[in-house]
Amino acid sequence: MTGGLPAILVAVAVATPFLAGILILVTGTRGTEVWGHIAAAITAAAALLLAPTVMAGETVELLVVPLVPGLDLLLRVDGLGLVFGLLASLLWIVTGVYSGGYAAATALANRRRYFAAFAASIGAAMGVAFAGNLLTFFLFYEALTLATYPLVVHTESDEAFNAGRRYLLFSLGGGLALLTAMIWAWQLTGTLDFVPGGFLDQVAGTTLVVLFVLFVSGVAVKSAVMPLHAWLPAAMVAPTPVSALLHAVAVVKAGVFAMMRVLGFVFGPVSLAEFAGPEVLAALAAITIVIGSLIAVRQDNLKRRLAYSTVVHLSYIVLGAALVAPFGTVGSTLHMVNHGLAKITLFFCAGAIYATTKRQNVSELTGLGHRMPWTFTAFTIGSLGLIGVPGMSGFISKFFLARGAIQAGDMVALTVMLGASLLTATYLLPIVRVAFFPGTKALGGRGGRRLRARRREARPALLVPLLITALLVVVFGLVPPAFGVQYELAADIAVRIFGGGQ
Amino acid sequence: MQSNLPILLFLVPFLASMVGAIVGWYVRHAARRIALVAMAATAGISILALFRVLEIGSLHTHMAGWPPPIGIEVLLDPLSAFIAATIAVVGLIVVAGAVEHSGAELPRRKVVYYPSILLLMSGLMGITITGDLFNLFVQIEVASLAAYGLVAAGGRGAPRAALNYLIIGSLGASLYLMGVGFIYAATGTLNMAQVATLLAEADQRLVLVGGLLMVGGLATKMGLFPFHVWMPAAYSRAPTAAAAFMAPLVTKVSAYALIRVLFWVFAGGALLVDDLLLEVVAWAGAAAVVLGSVLAFMQTDLRRLLAYSSVGQMGVVALGAGLANATAMTGAIMHIANDALMKGALFLAAGMALIRFGVRNVDELARLRGQAPWTMAVVVVAGLSLIGIPPLSGFFGKWYVLSGAIEEARWAFVVALAVGSLAAVGYVFRILEPLFFRPPDTGPLAREGNWALVVACVLLATLMIVLGVGNERLVTVFIMPALPGLVP
């Protein structure tokens, strides 16, 4: 479907955050967040209004402008794009509130730059979600890199600049691989439009392999597959709301989203069956899962631990897509959402803890559950969700990922997935344990009473968002209509890619 | 079609230069006013001419009514009309924007400065419109003499830089002239079109030597690696107003001249010669892309950094020309305009930073932080365009050249472009990092440049966005007709 109200909604969803960014820069010294809140509401509303049309099986198209003869700036919303767009825009609302609270609690400097870059990042993520062809996708993918750079270096410390440089080098380097692959694919096929099931069926042999390597190495940077993951832990130097929304949801999910686009809508199952590329990618993802988990266990800095956990769970999604099996794709799509919900909760908690107590290391959290019970309850829910305990949203996505592995007959992948869930438990649950059950020594006597007496929760602007996202983790795990809708969308995507074969 | 329109492009700035020099001695400010009016007139004529050419085809003038081979032919085809319009418009914007620069740096020498700028402009226009190999040499010398003078007017180190520039520039011009001599010996004519038709029957040894000499000469003028050595010193030592005018225009016009000579003179000749010439140009371009950008990254002086960046961007142009397919040529021609816009904006901004904030080195740019929001925004746009971020115009230049390289399966060139782009990320963020994120080393010194500078910078940045977003139109309307007919 082109034109009409849906097309306007697409334009609104992508343009609003950018406009908000400009407004924030141009206007106020005070109330910079207000524009962000308004824009977040509009963007999310536009994305939600698009949902019925897309779920009815239609795609919404909007041709913006031709860029190269035969190649347009084209926005198109399909199921996969909608999932990512909804995720980014809805979580922007909560993160907006949280950011305001965090900025107030930590006396954040340069707020205009911060909120403007934040808004622009969401705009770029929406553009990535709704891109109809590779060129449009590339445009927003690069914009996403550049819009998040000011956030990475926000603290203006040397550490931040090093992280920023590394981030640029990795991301824009990957962008160049993607650009080359894209031009080459265009010359070979004459199209760059995303097609369910891929458009490279005319290409074969070495060319296909080289294209695969270029495409995948281009998008593997943002999805942090080892050995291209190093920028992500370094980027944790950014303020926590940035880590929460961008480095757990928008940016890295743009990476795995890109991976799913490339595998499902550029190559497609038929082309992927011709060579061993997907197996190699799956192996890399599996290695990332194992090594990432082992590194995460050793991190004392809470945000770094969560960052490595993100690396691990992104590779879950990549692995699911690389299985080239319908259930794997379903699982990946679901995990894109469910990991996002769980991880943003965990990061929100980390930020709330830091903003309230200035503590950022796991070893300093002993007994803190008694001081900040709500925060640590949410942290517990987020952890359980990420581990994939039944009743939490993470269970459903991991269930389908595992089913995908069985469907593909890949027992190694299955073992890695299940084993890494245990590892997830080993690096998250100890935090919960020491926070709530620091042992009799710490709790007994005068010290323990003091601990309980100084009960000081995070301020409401920090607490409410993290409780909402924690609640969502449970809702999407327990309430049938909620995960039903999710599953329908994901299944529809898989059906389109694999051509009806469930 | 015969018309007098083309020659006006040369005559207006040339005569205005003479008039301005004389009147300027007697009337204060007259030199500046005459210059601005003449530049505006040239820009207006060039745009008019561009649309006429696209509408009714190439315009020819036979000087003094003598047809070639005796007379000099002046020619506006879609390519020269496009380049002329680019140069004239960017030239006008830059001169208007740099009024404050020239006032601050050359307080008592404005009388000489403005006529020199006009003389340089007339030389550049002459190079663009001439259809004669020897006249091309004359115009190069007109432009170069003005340029040497402008560089020498700068502060500390300028005379030395100008002398360097003079020696290397003259060497380049002599190489070119020697090459013309060989071609004349081989074909007996100097008119480009006639040479092109006669080359196939000419003595190939003469043609080969002549071709290599001419390409070498023009490569020197466009600052193509390894003949770029005059450029960083010249553009960093020249008065900022002069640098802001020369850096975006001089090397660009020379790049055009190289394309003109390669494809309108030699490509019609023997295959051996043009293959060899193109190959040399392409490899030199690839080397320039990599080394220019890497050297730019290693600079501390802001304007040296920008000059090396130009070396890299001219490498992209040369690489596109050397690849010689329609796609890469599109990129090469487009990138001439791109770099003119980008370097115009960046050198204007650099000049403002020096005059108002005392910024010479990249790290000192932190002094502008928060004080010059418009300039900062323009630098961001120009910088991202340099890296090649869509949808800015710089992206599309790289897109087409890269496409051309992939089309020919020249993977070494693909890698060179990628490395160059990554190095560009490095040097652009060396500028953006202090500008936006580093604490300034002193308190606020000054405010943004005057309104003329801001308007000029914003105009250039807007053009980068417009040419990027409207790139499809740019290609189909302006560049495709300008491509040499012989490439498929």
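For chain A, excluding the exposed loop sites themselves (trypsin sites (Lys or Arg not before Pro), DSSP loop, at most 16 other Cβ atoms within 10 Å), the longest remaining stretch covers A:31-357. Comparing Cα centroids, the range A:287-345 and the range A:378-418 end up 10 angstrom apart.
To the nearest 500 deg cm²/dmol, what mean residue ellipticity at 222 nm is calculated for chain B from DSSP H runs of n ≥ 4 alone, each contributing -39,500 (n - 2.57), summed and divided by the residues? Don't skip to the end; give the middle numbers.
On the way: 18 runs with 356 residues, N = 488.
Dividing the helical sum by the residues of chain B leaves -25000 deg cm²/dmol.
When the trypsin sites (Lys or Arg not before Pro) in the range B:40-143 are filtered for DSSP coil states and for at most 11 other beta-carbon atoms within 10 Å of their beta-carbon, the remaining sites are B:R108. For the range A:89-239, the alpha carbon positions stretch 57, 30, 19 Å along the principal axes, listed from largest to smallest. Normalised by the number of residues in the range B:1-48, the mean separation of alpha-carbon contacts (under 8 Å, six or more apart) gives a relative contact order of 46 percent.
What FRET efficiency, computed as 1/(1 + (r/R0)^6) with R0 = 35 Å and r the Cβ-Cβ distance, is obtained for A:V389 and A:R298, rounded to the nearest 0.05?
Working: r = 24 Å, r/R0 = 0.67.
Between A:V389 and A:R298 the formula returns 0.90.
Pairs of lysines in the protein assembly as shown whose Cα atoms sit within less than 19 Å of one another amount to 14, provided the residues are eight or more positions apart or on different chains.
Solvent-free Debye calculation, one equal scatterer per alpha-carbon of the range B:5-482: log10 I(q)/I(0) at 0.09 Å⁻¹ equals -0.53.
Diffusion coefficient (Stokes-Einstein, Kirkwood radius over C-alpha pairs, 4 °C, 1.567 mPa s) for the range A:4-498: 58 µm²/s, rounded to a whole number.
Suppose the chain between A:K358 and A:E58 were pulled fully straight at 0.36 nm per residue; how much longer would it get relative to their current alpha carbon spacing?
Values: separation 300, 0.36 × 300 = 108.00 nm, distance 4.92 nm.
Length difference between fully extended and current span is 103.1 nm.
Seen from B:A405, the other residues with C-beta closer than 15 Å to its C-beta sum to a net charge of -1, counting Lys and Arg as +1 and Asp and Glu as -1.
Ranking B:H29, B:H335 by Cβ neighbours within 10 Å, fewest first, what do you get? Please list the in-between numbers first.
Numbers: B:H29 11, B:H335 29.
The order, fewest Cβ neighbours first, is B:H29, B:H335.
Annotation: Cα Rg of the protein assembly as shown relative to the compact-globule expectation 2.2 N^0.38 Å equals 1.02.
Restricting the trypsin sites (Lys or Arg not before Pro) of the range B:135-243 to loop positions (DSSP other than H, G, I, E, B) with no more than 13 neighbouring Cβ atoms within 10 Å leaves B:R156.
Taken residue by residue and averaged, Cβ atoms of other chains lying within 10 Å of the Cβ of B:382-395 number 3. Hull volume per residue, based on the alpha-carbon atoms of the range B:70-158 and their convex hull, is 95 Å³. In this simple spin-label approximation, A:L49 and B:R108 carry label points 7 Å from Cα along the Cα→Cβ vector, and these lie 6.9 nm apart.
Relative contact order for the range B:230-387: 27 percent, from Cα pairs under 8 Å spaced at least 6 residues apart, divided by residue count.
Taking the range A:1-106, which chymotrypsin sites (Phe, Trp or Tyr not before Pro) meet the DSSP loop condition and have no more than 14 other C-beta atoms within 10 Å?
Numbers: sites: A:F18, A:W35, A:F84, A:W92, A:Y98, A:Y102; in loops: none.
Taking the range A:1-106 and a limit of 14 other Cβ atoms within 10 Å, no loop chymotrypsin sites (Phe, Trp or Tyr not before Pro) are found.
In a simple Cβ point-charge model (Lys, Arg +1; Asp, Glu -1; nothing else charged), chain B has a dipole of about 1680 debye relative to its Cα centre. Taken along the Cα-to-beta-carbon direction at a fixed 7 Å, the label points for B:I465 and B:A452 span 2.5 nm. Computing FRET efficiency as 1/(1 + (r/R0)^6) for A:F399 and B:T476, where r is the C-beta to C-beta distance and R0 is 56 Å, gives about 0.60.
Computed as a quarter of the hull surface, the mean projected area of the alpha carbon convex hull for the range B:261-410 stands at 9.2 nm².
Kirkwood analysis of the range A:163-221, using all unique Cα-Cα pairs, places the hydrodynamic radius at 12.2 Å.
Once the Cβ-Cβ distance between A:T191 and B:E279 is put in as r, and R0 is 30 Å, what FRET efficiency do you end up with, to the nearest 0.05? Don't jump to the answer; show the numbers that get you there.
Details: r = 33 Å, r/R0 = 1.09.
FRET efficiency, A:T191 to B:E279: 0.40.
Normalised by the residues of the range B:5-482, what does the relative contact order come to in percent, with Cα pairs under 8 Å and at least six apart? RCO, the range B:5-482: 15 percent.
Per-residue shielding of B:459-470, expressed as the average number of other chain Cβ atoms within 10 Å of the residue Cβ, stands at 1. When A:C349, B:C457 are arranged by Cβ crowding within 10 Å, least crowded first, meaning fewest neighbours, the order is B:C457, A:C349. Computed packing ranks the peptides B:32-38, A:186-192 as B:32-38, A:186-192, most packed first, by mean other Cβ atoms within 10 Å.
Using a 10 Å cut-off around each Cβ, can you sort B:D441, B:D132, B:D77 from fewest to most neighbouring Cβ atoms?
On the way: B:D441 10, B:D132 25, B:D77 20.
By the 10 Å Cβ count, ascending: B:D441, B:D77, B:D132.
The Cα center of the range B:379-432 and the Cα center of the range A:166-189 differ in position by 11 Å.
No value in this document is a laboratory result; all are computed from the given coordinates. Bear in mind the structure is a predicted one, so any value in this text is a computation, not a measurement. Don't worry about glycine lacking a Cβ; one is built from the backbone with ideal geometry, like all the others, and counts go over all protein chains shown.
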